[in-house]
1. For the chain, set up a GNM with springs between Cα atoms under 10 Å and report which of 253, 221, 107 has the largest fluctuation.
2. Among 357, 239, 88, determine the one that fluctuates most according to a GNM of the chain built with springs between C-alpha atoms less than 10 Å apart.
3. Figure the gain on full extension for residue 163 and residue 66 (residue separation times 0.36 nm, minus the Cα-Cα span) and round it to one decimal in nm.
4. Between helix 165-175 and the chain, what is the angle of the helix's C-alpha long axis to the longest principal axis, kept within 0 to 90° and rounded to the nearest 10?
5. If you compute semi-axes √(5λ) of the Cα gyration tensor in Å for the structure shown, which of [x] 42, 26, 21; [y] 49, 21, 17; [z] 42, 21, 18 do you land on?
6. May I ask you to derive the relative contact order of the chain, considering only C-alpha pairs under 8 Å and at least 6 residues apart, and to give it as an integer percent?
7. For the residues 348, 131, 315, what sequence is obtained by ranking on other C-beta atoms within 10 Å, fewest first?
8. Roughly speaking, what is the stretch gain from residue 91 to residue 31, that is 0.36 nm per residue apart minus the C-alpha to C-alpha distance, in nm to one decimal?
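Each value in this text was obtained by applying a stated rule to the coordinates, not by laboratory testing. Just so you know, these numbers come straight off a predicted model, no measurement behind them. Every residue, glycine among them, receives a Cβ derived from its backbone with ideal geometry; neighbour counts consider all protein chains shown.
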Amino acid sequence: MTQAVDLSVKMGNLTLRNPFIVGAGPTMKNLEQIRKAEDNGWGGASIKLAIDPAPYINLPPRYRWLRRQKIHIFTAETRLTADQSLKLLEQARKVAKEMVIFPTITYDGEEHEGWAVLAKRFEDAGAQAIELNMCCPNMSFNLTTTGEPSTKATGATLGSDLKQLPGVVKLIVDAVNIPIIVKLTPEGGKIAQAAYASIQAGAAAVGSTANRLGIPDIDIYEPMKSIYRLQDQITLGCLSGPWIRPLALRDTYEMRYYLGKEPFVIGSGGVTDLQSAVRQIMVGADAIWICTETIIRGFDWMPSLLEELEKYMQEMGYRKIGDFRDLLLKNIASAAELRIHEGYAVVEKERCNACGLCWNIGHCSAITHPGDTTTVIDPDECTGCSTCIDLCVRGAITMVKK
């Protein structure tokens, strides 16, 4: 008999039917999108960012999907006003009966008390929880990064300010009676400390946006030409997508390692399939925000992922998400703890066609190619780095442990 598994996760007094949350972004800006996410089984959804007062930068969206590098970039974006988000929230609660809905908010005024006033408006409108945007790099963080002054600490700037952040979170927590989720930025390298400060201030959950602010590849023969369509200038863009997975796993790992077992952590970054989702959970995520993949593929791939996750859990003997949360976390060693074994690479002559891919490895003096017809590796010179194995497309090189 197949063992039943439970995909639900509990955040405070809220239960999500599974750990997958549509991240706040362009796929959570209208009722039709919310209905599609509900119908396709998503566990939760974060409504597109609402900024109050009205956003000082609010432009038509400009995106690029760099397919080869698996990078998604946006430079310009249209945000919601508080009134638009409140109206959408009220509509969403009527059509989404199984999915938990979070508004995502940023207060863009001078006084921090405005955060609490804004949060209270959403609680009164029926929000089940509130997500605080302490992560967006395309606000004051973008300005200060490019050398422009800003008197406001918003988005990623506030999320990396360990002095101001906990005070703002506490103001909001004290003002409402629903769970507060703090979405943080990895920019600045303080995400674990910021997560701890947020939890100490009363947040019910913390998580990472995973996005990084960066400059994409440009044409060096036309360096003044923008890569963006219908946009004249090159600018710092918000980068996301599968390329970011290693950094995103590190963000989740750092938060969980620093916070310990109890706090609720939401991971994010490059999740597209079963493997990338399970890895996020194994380094400490209780739930997972997914945004970029919904931009590229919509919502209807979630049922297949849920089916694959159930089969995986049954195969592995896991009954609930918590059974494999942190498993990889426990297996990550520090550099001081590494056990390195002596060994060398060996060429299987029958498979090697002397293609030359491994002949010019810059740091290696062990590989020779007499007459350019064979590949020979000197075991006494080989350091065991294994670069040659990764370069070989025929699988003709293996590593031998001394």
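1. Evaluated over the chain, the most mobile residue of the options is 221.
2. Residue with maximal mean-square fluctuation among 357, 239, 88: 357.
3. Numbers: separation 97, 0.36 × 97 = 34.92 nm, distance 3.75 nm.
Gain on extension, residue 163 to residue 66, equals 31.2 nm.
4. 40
5. [x]
6. Details: 828 pairs, mean separation 57.3, N = 402.
The value is 14 percent.
7. Working: 348 13, 131 29, 315 9.
Fewest-to-most ranking of 348, 131, 315: 315, 348, 131.
8. Working: separation 60, 0.36 × 60 = 21.60 nm, distance 0.70 nm.
Extra length from residue 91 to residue 31 when fully extended: 20.9 nm.
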